[in-house]
Amino acid sequence: MAALLATAAALTRAGHPARRSIYFVATTGHEAGLLGAQTLVTRPPVPLERTAAVINIDRGNVWGTTRDIVALGAELSSLGNIASQAAQAEGLSLTPDPAPELGDYFGSDHFPFALAGVPALQIATGRNFVGQPADWGDRTAENYLTTKYHQPGDEFHAGLSYEGLLQQVAVMTRIAWAVAQTGEFPVWNENSVFHEAGARLRAAR
């Protein structure tokens, strides 16, 4: 929620309005089957065919600054190029999904939008942490998933760091602004499983 609000605050300081409206949405019912996102797709505030993109953050980086950032789904649509440019502008590299076997892209709140044809990204934690060994990010992520995720130990503690979360906010802000400033709609790549749904949305415009 802090990342969502910080991104909104950053965009209000752009100096002039974006060409497109930007909606900030916090869905509920995630663990019950993405129910909030599913409901939003069926009753959207803006028709889905006029929705340019969805940028999602699920688990923020509270482990420290990184030299990279992950944008799940970047390889699936033209949003990947936008995300890469946004990361570069923040001095970061864009890293492919470090654990595709987990299927994280297919289990978060952007997914119902993707199924409906709206290009979507999920901003995730990079793995190349500043001041840490090369495998520290992988080990930390694995430890979190096996010992804390969806467990009582997944709670605030004084050792959390928010610098990495600010990096994610900066990249999300740049992606949102880039999409909102162009008259073109991002598109799914032809080899994407979502390409057909995206084509139906384009035909409805």
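Separation between the VAL130 and ARG200 pseudo-spin-labels, each 7 Å from Cα along Cα→Cβ, expressed in nm?
Reported label-point gap for VAL130 and ARG200 is 4.6 nm.
Anyone know which of PRO186, PRO100, PRO152 comes out most mobile in the 10 Å Cα GNM of the chain?
Maximum fluctuation in the GNM of the chain, among the listed residues, is at PRO152.
Quick one: give the max-minus-min coordinate of the C-alpha atoms of the range 1-145 along each principal axis, largest first, in Å.
46, 40, 27
Counting other Cβ atoms within 10 Å of each Cβ, which trypsin sites (Lys or Arg not before Pro) in the range 1-102 have at most 11 and sit in a DSSP loop?
Details: sites: ARG13, ARG19, ARG20, ARG50, ARG59, ARG67; in loops: ARG13, ARG19, ARG20, ARG59, ARG67.
For trypsin sites (Lys or Arg not before Pro) across the range 1-102 that sit outside H, G, I, E and B with at most 11 neighbouring Cβ atoms in 10 Å, the list reads ARG13, ARG19.
Counting pairs of alpha carbon atoms under 8 Å apart in space and at least six apart in sequence, what relative contact order in percent does the chain give?
Details: 305 pairs, mean separation 68.3, N = 205.
After rounding, I find 33 percent.
At R0 = 25 Å, how high is the FRET efficiency between GLN85 and ARG59 if r is their beta carbon distance? Nearest 0.05 is fine. Write down the numbers at each step before the final one.
On the way: r = 24 Å, r/R0 = 0.95.
In this case the efficiency is close to 0.60.
In nm, give the distance between the simple-model label positions of TYR23 and ARG67, each being 7 Å from the Cα along the Cα-to-Cβ direction.
For the pair TYR23/ARG67, the computed spacing is 4.0 nm.
Arrange MET1, MET172 by Cβ neighbour counts within 10 Å, fewest through most, would you? Walk me through the numbers on the way to the answer.
On the way: MET1 8, MET172 25.
So the ranking, lowest neighbour count to highest, is MET1, MET172.
Using the number of other C-beta atoms within 10 angstrom as an exposure proxy, rank LEU5, LEU76 with the fewest first. Walk me through the numbers on the way to the answer.
On the way: LEU5 12, LEU76 21.
Ranking LEU5, LEU76 by Cβ neighbours within 10 Å, fewest first, gives LEU5, LEU76.
What does the charge add up to near SER192, with Lys and Arg as +1, Asp and Glu as -1, over the other residues with Cβ less than 15 Å from its Cβ? Spell out each step's value before the answer.
Working: positive: ARG200, ARG202; negative: GLU75, ASP97, GLU190, GLU196.
Residues near SER192 contribute -2 overall.
Which residues make up the longest stretch of the chain clear of chymotrypsin sites (Phe, Trp or Tyr not before Pro) that lie in a DSSP loop with no more than 14 other Cβ atoms within 10 Å, not counting the sites?
Values: sites that count: TYR23, PHE24, TYR149, PHE156.
Counting only loop sites that pass the neighbour cut-off, the longest clear stretch is 25-148.
Write out the GluC sites (Glu not before Pro) in the range 110-200 meeting two conditions: DSSP loop, and at most 10 other Cβ atoms within 10 Å of their Cβ.
Numbers: sites: GLU142, GLU155, GLU163, GLU184, GLU190, GLU196; in loops: GLU155, GLU184, GLU190.
Answer by residue number: GLU155, GLU184, GLU190.
Only the coordinates and a few stated rules stand behind these numbers; no lab work does. The shown structure was predicted, so the numbers you read here are calculated from the model rather than taken from an experiment. We place every Cβ from the backbone using ideal geometry, glycine too, and count neighbours over all the protein chains shown.
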